[in-house]
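Reading through the structure tokens given below for one structure.
The values are calculated or read from the model by the stated rules, or taken from the named source; none is laboratory data. Predicted model, so just to flag it, every value in this text is computed and none were measured. For neighbour counting, all protein chains shown are included, and Cβ atoms are generated from backbone atoms with ideal geometry for every residue, glycine included. With ligands, DNA and RNA removed, areas are computed over all heavy atoms of the protein, side chains included. Shrake-Rupley method; radii C 1.70, N 1.55, O 1.52, S 1.80 Å.
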Amino acid sequence: TKTISKCYVQVTGMTCASCVANIERNLRREDGIHSILVALMAGKAEVRYNPAVIHPSAIAELIRELGFGATVLENCGEGDGILELVVRGMTCASCVHKIESTLMKTNGVLYCSVALATNKAHIKYDPEIIGPRDVIQAIKDLGFTTSLVKKDRSASHLDHKQEIRQWKRSFVVSLVFCIPVMGLMIYMMVMDSQLADAHTHHNMSSEEMQALHSSMFLEYQLLPGLSVMNFLSFLLCVPVQMFGGWHFYIQAYKALKHRTANMDVLIVLATSVAFVYSFVILLVAMAEKAKANPVTFFDTPPMLFVFISLGRWLEHVAKGKTSEALARLISLQATEATIVTLGPDNVLLSEEQVDVELVQRGDIVKVIPGGKFPVDGRVIEGHSMVDESLITGEAMPVTKKPGNTVIAGSINQNGSLLISATHVGADTTLSQIVKLVEEAQTSKAPIQQFADKLSGYFVPSIVAVSVVTLFAWIIIGFVDFEIVEKYFLGYNKSISTAEVIIRFAFQASITVLCIACPCSLGLA
């Protein structure tokens, strides 16, 4: 007997089915090549050859001569089939042993483990020698009932609806409260600039200035130290902090629990610090019955949350789009197949309906008019028109006659066909496309990895900078108070200098945090 070896060749540069046919046709003619199977989507050729006549490197060279790129894949164990079964009727460890030992003796089974507790069997086999139906039959012969572990075909893990809803809600809440805050802020800016103009034109003293300033409605004090402006900002800020920022708090908590710092941590830090600081300074001002209204940062959290939740919402919408396309693709797969047994002269002897996962390579599958092709294969008998628009986008049906290839998921139109399965399970064109899209979604773009890496350093360094700012200003203040006095306008003369310095230092360091936070937008 001639020994036959098998090798896999990675083929690049194939664009369509005719490339596949071209490679297969030309290589079959060569000496020592037994059979060749090319998968277009996976870009892989499986060649069975006689090692006495030809070597894998020579095979790759032959493919190169046809104008494609080819490299031999070493130790490619992709040929192993994996089978997950539910086995019923096992009572004790000896049943388990019986199944395992029988299967391991079976030619073609490479590995087998059966768990009594979960009633599951995990089997690795060589699809060249044995198929899933043979394995199931072997277990049935031992007196146990067995069935496939049902795969989740609905692709529910690709559903982003919940996240989209959550971020949309978060964005809307933040926006509703952010608009009035921004309105107040702009109004204050306009009034301030008008006051400044008045000041330059009329040379008023700063006391008159202060009086004019307080006469503005927003600066009017409800309680000593509590202006209308600050009170309104506070009221608008609370719901945003609670509802708009809820998810950020959860994410940040999880990140800190694992001792990592991500963007959420920075966002939460900046908004919480701004909010708490503003709140505390208001309380202090009220306690002191301050004449001048303190500078608060209540406008920061709503605006930050608006921008960032909008970004997250859009991101999930985009993800949802690709996932939706994937889920639709997955739903195109057929779930059952009709396997037939042929006698001499292609006479139909019997046919049975089986689960698509049980179709083995080399099986003869019958596809009736209007049926879906369960696997990739080659037509043996029959003529028909086939709608392959799911892969090609071409709405015109394609003629199929014996020798033509068919694609899983495409729809048979008017004639009955018998096909021989060439690619089954995860090797079908459709499964490969699904796998490619899934991989594309899970792998990160290089720039994204870089941004993630940066943000790992970014958060701690910003916190460090703001702490340095805090201490630097405290030191400067105690060394030379004039500098602080120059920058810290309108503070109450009655407060002790130490308090002024600490207040100013806090204000500076919080400003650093709040300004650095939108940089996470830049990174994003």
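Run through the stretch 66-128 and list the GluC sites (Glu not before Pro) located in a DSSP loop whose Cβ has at most 11 other Cβ atoms within 10 Å.
Those satisfying the criteria are Glu74.
Please list Arg361, Arg503 from largest to smallest accessible area, probe radius 1.4 Å, with all protein chains kept in place.
The residues order as Arg361, Arg503, largest area first.
Rounded to the nearest 0.05, what FRET efficiency do Ser331 and Ile502 have when you use their Cβ-Cβ distance and R0 = 60 Å?
For Ser331 and Ile502, the calculated efficiency is 0.40.
Checking the table Lys319/Lys435; Lys372/Lys401; Lys6/Lys401; Lys321/Lys435; Lys366/Lys401 against a 20 Å threshold on Cα-Cα, which pairs fail?
In this structure, Lys6/Lys401 lie more than 20 Å apart at Cα.
Roughly what would the spin-label model give for Tyr187 and Val479, points 7 Å off Cα along C-beta, in nm?
For the pair Tyr187/Val479, the computed spacing is 4.4 nm.
Modelled label-to-label distance, Gln137 and Gln10, 7 Å Cα→beta-carbon offset: nm?
Going from the Gln137 label point to the Gln10 one covers 3.8 nm.
What FRET efficiency, computed as 1/(1 + (r/R0)^6) with R0 = 41 Å and r the Cβ-Cβ distance, is obtained for Glu74 and Gln166, rounded to the nearest 0.05?
Working from the Cβ atoms, E equals 0.30.
Which entry in (1) 1.00; (2) 1.21; (3) 1.09 is this structure's computed Rg/Rh (Cα atoms, Kirkwood Rh)?
(2)
Setting aside same-chain residues fewer than 8 positions from Lys486, which lysines have a Cα under 28 Å from its Cα?
Lys289, Lys291
Whole-Hz Karplus ³J(HN,Hα) for the stretch 24-38, in order, using 6.51 cos²θ - 1.76 cosθ + 1.60 and θ = phi - 60°, x for Gly and Pro?
Whole-Hz 3J(HN,Hα) from phi for the stretch 24-38: 4, 4, 5, 6, 4, 6, 5, 5, x, 9, 7, 7, 9, 10, 10.
For the stretch 333-431, rounded, prolate or oblate, judged on the Cα gyration tensor with a ≥ b ≥ c (square roots of eigenvalues), a/c < 1.5 rounded, else prolate if a/b > b/c?
Oblate is the answer for the stretch 333-431, as a/c is 1.5 or above yet b/c matches or exceeds a/b.
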